[in-house]
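> Next up is a structure, given as structure tokens.
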Amino acid sequence: MDAMTTEPTAPLTITNALIFDGTSADLVEGSIVFNGGLVAEVGDVEPQGQVVDAAGKVVVPGLIDAHFHAYAVGLGGMEVERSPLSYSALVGAQRLGLALGRGFTTVRDVAGGDIGLSKAIEKGLFASPRYYYTGPAFSQTGGHGDPRAADVDVCFSHGHMCAVVDGVDQLRQAVRERFRTGSHAIKIMTSGGVVSLTDPIRVPQYSGEEIRAVVDEATRRGSYVAAHAYSPEAIRHSVENGVRSIEHGNLLDEATAELMAEHGAFLVPTLAAYDAMNRRGEAAGLNPVSQAKNAEVLSAGKDAIGMALRAGVRVGFGSDLMGELEDDQLQGVRLQIEAVGVLETLRSMTSVNAELLQNPSLGSLRAGAVGDAVLLDGNPFEDPAVLWDESRPRTVLQAGRVTA
């Protein structure tokens, strides 16, 4: 679901721009005309409507964060899952608005979101990126989405970000319910995680039969499955059973990267999350168990991205920030640039993530594309900091309109 207000917009033209189209390494000089919420013309064109002079600036497509969590109000599992939904929704609205201000005109909420938040965005009740959501992710009992500590004797079936569902038939029913209520795709947990307290990072989760059932339901709906997975064994287990999008993948090895490429799977790295938890997690109340797990995956994330690209895997971009760490979203851009450079990172945040979202109208600046763009304060190929330094001014356009 592509949720945002779609009121027609008046013409607007960006002139004197250097344009990154979403894929090409070569910047094009020219103008961009936006009309009716779309890109109408690009190149040597006559200005229409309001004119924005981009002299000395580079224009890039609206950025896409493919691993966002609107309802991640804290760093603790129970804190997140059991907060009042009204509070989570208000915090989520704030998080979405801040992301838009940074230039992320589209986000994919993997593990959270719901049709209520989506409807509010469609109605224009608050400023937000285009919003794709999976609803709560599915976890096996004791898996990454099960927030209970081993010594806590309480029942848990579902919360705002995760639901515990075991068994083929139960998963089929749950997937159908997700699509009934507007989910874009399905998220499952297929390895241990950092924030969860009882599951080893490397051990694969869910049986092959369970994963195949989820994939079968999603595929027949024209959708796909994204899986939280860190280790080679968990990634192989996911991809071989039909998962299309591997989230995180920090412990990837070369053989598994080649397997991902053979199956056409995407990798969505989330470097910002580990860096932020390493620097700020203790002060933000991150459980010591989670701090130790984070140390295990922290340094490997950058290597995994390069490995994946060399194997021919399409690599996207995600942030995965929870609680007060959300303001490190652009630091993920810096970290990914440090790993693979400006061009690949820009592609990841635009055209590659658009392909992942199955929406070719996103992530590019060409006639007919959605009118989302960011005017950067300089040329990122010469001065990469313009992409992540929040002290540098940027102008964000969504649907051909300058956002507030």
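The values are calculated or read from the model by the stated rules, or taken from the named source; none is laboratory data. All of these numbers come straight from a predicted model, not from anything done at the bench. Note that we place each Cβ from the backbone using ideal geometry, even for glycine, and neighbour counts take in every protein chain shown.
> Can you tell me which residue in segment 188-199 is nearest to S223 (Cα to Cα), limited to those that are part of a loop (DSSP other than H, G, I, E, B) and not small (G, A, S)?
T190
> Has segment 354-368 got any residue that is closer than 22 Å to R279 by Cβ and within 19 Å of the chain's Cα centre (by Cα)?
Looking through segment 354-368, none of the residues is closer than 22 Å to R279 by Cβ and within 19 Å of the chain's Cα centre (by Cα).
> Can you give me the number of residues within segment 167-187 that are in a strand (DSSP E or B) and within 13 Å of D216 (Cβ to Cβ)?
Final tally of qualifying residues: 1.
> Here's something else I'd like to know. Could you check segment 232-249 and list, in sequence order, the residues that are more than 16 Å from the chain's Cα centre (by Cα) and within 18 Å of H67 (Cβ to Cβ)?
Scanning segment 232-249 gives A234, I235, S238, V239, V243.
> In addition: Just to be sure before I move on: is L343 touching a strand residue (DSSP E or B) at 6+ places or on another chain (Cβ under 9 Å) and modelled with pLDDT of 95 or more in the structure I sent?
no
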